[in-house]
1. Among T18, T29, T259, which one shows the biggest mean-square fluctuation in a GNM of the chain, springs joining Cα atoms closer than 10 Å?
2. Compare Q223, Q245, Q268 in a GNM of the chain, Cα atoms joined below 10 Å, and give the one with the largest fluctuation.
3. Sorted from fewest to most neighbouring beta carbons within 10 Å, what does the list T10, T229 look like?
4. How many angstrom lie between the C-alpha centres of segment 146-180 and segment 1-78?
5. Semi-axes of the equivalent ellipsoid of the chain: what are they in whole Å, largest first, if each equals the square root of 5 times a C-alpha gyration tensor eigenvalue?
6. Amide H to amide H, which residues 5 or more places from I134 or on other chains are under 5 Å from it, using H placed in the peptide plane?
7. What's the FRET efficiency of T29 with E90 using the Cβ-Cβ distance as r and R₀ = 35 Å, to the nearest 0.05?
8. In what sequence do I6, I248, I134 fall when counting other Cβ within 10 Å, fewest first?
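FYI, it's all coordinate maths here, none of it is from the lab. This one's a predicted model, so the numbers in the text were calculated from it and none came from an experiment. Here Cβ is always computed from backbone atoms with ideal geometry, including for glycine, and neighbour counts include all displayed protein chains.
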Amino acid sequence: MHTVKINKITLPAIGIGTWHMGDHPRQVTTEVQAIQAALDHGARAIDTAEMYGNGRAERVVGQAIKNYQREQLYLIDKVLPTNAGQAHLEQSLDRSLQLVGTDYFDLYLLHWRGSIPLAETVKELEKMVTKGKIRAWGVSNFDVVDLKELWNLPNGNHCAANEDLYNLDERGIEYDLLPLMHQHHLPLIAYSPLSEADTISGKLTADPLLNELAINHHVSIYQIMLAWTLRNGNTLSIPKAGNIQHAIDNMKALAIDFTPNENAALAQHFPKPTSKQPLAMI
Ligand code: NAP
């Protein structure tokens with residue numbers, strides 16, 4: 001089974017995304033069951049954010065986890081850049097904790113860079129660690145230049161993960177960001193690993209190689225896409241599945257291992273970038 005280590009905790013390398021959960025009241029019961037199905041099939045990490053439906057996704061997470069042992073879960077939440085300073089960070093965090101129904105997050109991320117100085121954000125995040133409201137903090141949508149700036153700040157090297165867009169359509173970060181993160185032992189949290197159900201390029205589901213691999217491994221193309229994101233051992237992939245069967249299938253992708261020939265075929269068919277790419281974001 002593929003695993004990843006974040007802040008000294010070893011986790012199954014597939015977690016649960018929650019963007020758009022809670023947006024449609026009639027789907028909430030199924031979304032809760034989908035999160036529970038993923039947890040029952042081995043997931044531990046759940047990724048949410050105060051931004052998602054202005055707290056609606058956090059509420060869905062809260063409903064899903066109430067009968068699970070807190071220590072078994074690895075809860076990730078994100079603060080909006082506008083709230084990531086002295087004036088609002090703790091208030092935002094308290095609201096998120098209350099909606100999720102927990103008294104700490106395992107990991108709390110700055111959702112993306114805004115106008116509040118990074119040094120101020122880091123100082124506030126460190127305070128929250130000291131208060132026990134978060135176990136660790138990290139960033140999201142950070143590129144090379146952002147990480148270098150962060151690491152130069154007091155306690156900036158306490159950053160425990162960087163969450164960025166990564167899938168077969170979007171390999172831009174492999175040029176310079178991923179090598180830098182590897183060098184610094186900074187794990188990647190890969191968001192939109194299914195290319196949003198192949199709506200980014202629209203080309204993956206019809207791809208002959210992905211179809212062949214799916215047939216050979218007796219899985220779906222989406223499970224192949226997910227397994228591909230895990231191949232370097234330093235990645236937590238967080239697909240969102242509001243459908244129960246999708247949630248179960250995604251966890252089964254933890255068991256998929258590609259042969260060296262399959263990896264080579266994927267690398268040839270979906271080449272990694274040969275020059276710096278602007279950081280892709282959704
Ligand atoms: P995604 O996970 O790439 O794709 C989600 C879509 O794929 C949904 O339509 C889902 O449908 C479908 N799907 C899931 N599993 C499937 C399966 N096994 N077979 C077929 N279809 C499947 O896209 P995402 O939601 O954008 O990204 C995942 C998570 O990353 C988000 O939910 C969020 O937690 C995080 N995220 C973070 C940022 C950031 O800035 N940090 C940005 C974007 C996303 P159903 O729902 O019907 O199952």
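1. The residue that fluctuates most here is T259.
2. The residue with the greatest mean-square fluctuation here is Q268.
3. T10, T229
4. Taking the Cα centre of each part, segment 146-180 and segment 1-78 sit 23 Å apart.
5. After scaling each eigenvalue by five and taking roots: 29, 23, 16 Å.
6. Counting only residues 5 or more places away or on other chains, the set is F105, V129.
7. Computed FRET efficiency for T29 and E90: 0.60.
8. I248, I6, I134
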